[in-house]
Amino acid sequence: LARDPAVGRFVALKVLDATCGNDIARRERFRREIDAVLRIDHPHVCRLLAAEVDHTPPYAAMELLPGRSLADLLSADGESQGLIEPRGRLQWVKFSTFFELVAVAVHAVHQVGIVHRDLKPANLMVTPECEPRVLDFPDWRATQNASANSR
């Protein structure tokens, strides 16, 4: 959690620690993650607001999302909002809608030539409205149609 002094809003700040920030390979991997997120514009993917890979330490400021990760909900007793063990029609609708939106977001990511490679409950944020946000692109790989998309 950090506050952007330029506009006064709170952001989620991802910073490479001192040992990783000096590692050229880790810095390049971080740069690739930033490049990946910049190519994606979708309402169910966390937005990147600012980043500086050449800063010491390298950082990325992303929108601060309300809610909890799906991993947190999986480990919380009785607080899954119907996403873990849906019971009843309304919870099944919520469950299927949530994961449909995840699939649509991942498809949008694929459309710009990126494969996430680390999609897991910890990288899915659940907003208070029970909508997903896909987070973290630490080890993405360009798909074969990436060059076609960039033409």
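Every read-out reported here was derived from the displayed coordinates using simple, explicitly stated rules and does not represent laboratory data. On a predicted model such as this, the values are computed, not experimentally measured, just so you know. Backbone-built Cβ (ideal geometry, glycine too); neighbour counts: all protein chains shown.
Annotations for the structure displayed:
- Put simply, when 44-51, 100-107 are sorted by average Cβ atoms within 10 angstrom per residue, most first, you get 44-51, 100-107.
- Stretching the chain fully between D72 and F99 yields a gain of 8.1 nm (0.36 nm per residue, less the alpha carbon separation).
- Segments 60-67, 84-91 sorted - mean Cβ within 10 Å per residue, highest first: 60-67, 84-91
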